[in-house]
Each structure stands twice: as C-alpha cells, then as structure tokens.
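Okay, structure first, notes after.
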Amino acid sequence: MTPKTQIITDIDYDRPGKQQGTIRIPYSHNLAGWANILIPITVVSNGAGPTVLALGGNHGDEYEGPVALMKLARAIQPCDITGRLILIPALNLPAVMAGTRLSPIDGVNLNRAFPGKYTDTVTGLIAHYLTNVLFPLADVVMDLHGGGRSMDFIPCAHLHRVSDEAQFQKMLAAAKCWGQPYVLIYADIAGEGLLPVQAENMGKLVVTTEMGGAGQCSPTVMRITEQGVRNVLSHVGLLSGKPAPPPQEVTVVAATRREDYHLSPAAGIYESFFDLGETVEQGQQIGQVHFPDRFDWAPEPVIASGSGILICRRFPGGTSRGDCVAVIARPVEV
Ligand code: ZN
C-alpha cells in the first residue's frame, strides 16, 4: 500500500502529554544529497475534546503568527487544555527563515499549493501532508496571516462566505471571538489552491487572520494576536476560561467583489490619501501613483470603486502596475 505521505515525524499524534519534535520533508539538493527539512511542531494532548491545528508562517514574511505560536508552544501544558492542540508556528520554514512570501527553494506560494501531491516540490509536499494527515485529525484549523512586507491591515479575523450555512455561522462566531472591532469576509482574487479553502472543503471550522503587516511585529498587534489565539481556543472549548470580551461591538465587513481590491494603474510611487480605518466614498480619489523619472507627468489617480472603510493598503511606497494598493470593505448584515 502506498503511504499517505513522503513526510515523516517523530510525533505520535495519539499520545497524551506534551511533545516537541519535527516533521521532516525530504529535500535532496546540490550540497546535501540525503537531507530533510526539519519543521518544528508541538503537540499537547489531554483527554477528550476538540483537536485544534494552529498554523503560522504559511507566508514567510508574516511574523505575527509565528511569534505568537512559538510563545504559546513554549508555555502551554497538558493541564491547560481539554483535547489536543497541534502547533506549527513556522509552517513554510524555508520561507520564514528567508523572510519571503514564497519558498526560496522552489519559488512556490504555499497558500496556492493545495491540495498538493504525493510527489511534489518541497512546498507541495507540505501542502499534501496537511491535506492528507493533519486536516483529517483536526476539528478547528487556525491559519494566521498578516500583510507581510507588501501590505498593512487593520488587525482582523477573516473568513470566506462558504456555502454551508452552519459551517459559516460557526466560523463567523469564532472570528468574532478574536476580540477585534472588525471581522472581514474576503474573496480570493489572486489564484486558487489556498490552505483555508482546502480545510473549508473538508468541513473544518476555519479561523484565519490578517494581523497587521508591514513586515514587523508591533507590540500592539502582537498583544492582539496572542489574545486572539487564546480567545478562539477558549471559544472552541480547548482552553479553560471564557474568551476576553471584544473592546467594542464587532462589525462584519465584506470585500467580496473583485473591484474592492484596487490595483495600481501604473508602476511608480503610491501615495495613499487615507489611513487604515478611515471611511471613503465611492468615486473619491483615494490615492495616486507618481512617476519619479517623469515628474512632469500628472500622477495617475486611484478611485474608490465603492464606499466603505480602508481595511488594507500597500505598505511600501514603490508599486508595480497591478499591485494591490487598497482594499475597501463595506459593513454587511450576516
Ligand atoms: Zn499570508
């Protein structure tokens, strides 16, 4: 019989207690013919309860999730939980070590590599292991993202509008527990093969986030991230205690139309006229692209395609034509 995966681990997922080990990805290359990539994993198990799979570092330049989950992995003990917690803080380890969105090994975006194949490049093998080994174990899949080096977000939990209404309401309730003023319903405008979509299609309660960004770990966003993880773990019954109440009422906003994602009309320097969280009106100019080599040319305007709040914007000033420079989300009833 063909094994489910080429990846091996020293973890016994059925064993009670706390284990720290690695999952090992075969990687034969010029400088090491029989090498493995060793991705750290922590599993904590205590009695009957939900299994939560918590992942950071799907994209290697989004640091908030990896830092929050590394801290949790060191601190948490079996007596703190009822159920099983599987923590992989740096899921795409080569990308996290390089601080890049894509893997430096094969140039693949892990969050476009699902479901993966039994025989695949390194990144596809990671996706395949999740699809075939870890997702079937999990009731809850938490995938922590931020804006990375290219974007900055209002820290929020986000989710897809999945067609299964009961699944959607469970995901929405967990997202609201994150404890932030906004929950974002988003759409995939740049390709398929996403980790959360694979987990959603397998019926999991999926919680994802956009925790800040700008290639950093700000103290404010780190506090939000760590508290949010604990809130969701409490909400699903893994961690004892009640989730902390959100600081204010939670507003659900949606950016589900392609035109909510504003692409730069030209290469140059993007100047945003608005800060994150500000309200904009349809038809309003929200920014412009300057041409540093032709400043005698008028800047190219970026116009709001709809009214709402600026939930995300490009972080570096420099932009190429077609880069996402602004996302506008509007309040919705769900
Ligand atoms: Zn990401």
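How about segment 285-331: which of its residues are outside any strand (DSSP E or B), exposed (fewer than 15 other Cβ atoms within 10 Å of the Cβ) and not acidic (Asp, Glu)? Listed by number, the residues that qualify are Pro292, Arg294, Phe295, Trp297, Ala298, Ser307, Pro316, Gly317, Ser320, Arg321, Gly322.
Which of the residues that make up segment 115-165 are free of Cβ contacts under 8 Å to residues at least 24 places away in the same chain and either open to solvent by less than 10 Å² (accessible area, probe 1.4 Å) or not in a helix (DSSP H, G or I) (or both)?
Residues satisfying the conditions are Gly116, Lys117, Asp120, Thr121, Gly124, Ser163.
Restricting attention to segment 60-100 and to residues that are away from the ligand (no atom under 16 Å from the Cβ) and charged (D, E, K, R), the residue that is most open to solvent (accessible area, probe 1.4 Å) turns out to be Arg74. Residue check: Cys217 meets all listed conditions (1) within 16 Å of the ligand (Cβ to nearest atom); (2) part of a strand (DSSP E or B) but one, namely (2).
Residue count for segment 140-168 under the criterion of being in contact with a Lys or Arg (Cβ under 7 Å, 6 or more places away or on another chain) and away from the ligand (no atom under 15 Å from the Cβ): the result is 2. Tell me, yes or no, whether segment 226-238 has at least one residue that is of a type outside the set (A, V, I, L, M) and assigned to a loop (DSSP other than H, G, I, E, B). Among the residues of segment 226-238, at least one is of a type outside the set (A, V, I, L, M) and assigned to a loop (DSSP other than H, G, I, E, B), which makes the answer yes. Within segment 239-255, the set of residues being touching a strand residue (DSSP E or B) at 6+ places or on another chain (Cβ under 8 Å), crowded, with 18+ Cβ neighbours inside 10 Å and in a loop (DSSP other than H, G, I, E, B) comprises just one member, Val250. Only residues that are open to solvent by less than 50 Å² (accessible area, probe 1.4 Å) and of a type in the set (Ser, Thr, Tyr) were counted in segment 256-284, giving 4. None of Ala329, Ala298 is in contact (Cβ under 8 Å) with a residue 12 or more places away in the chain and over 30 Å from Pro78 (Cβ atoms) except Ala329.
The values are calculated or read from the model by the stated rules, or taken from the named source; none is laboratory data. Fair warning: this is a prediction, and the values are worked out from it, not measured in the lab. Counting neighbours? That spans all protein chains shown, and the Cβs are built from the backbone with ideal geometry, glycine included. For the accessible areas, the whole protein counts, side chains as well, though only heavy atoms, and no ligand, DNA or RNA atoms are used. Shrake-Rupley method; radii C 1.70, N 1.55, O 1.52, S 1.80 Å.
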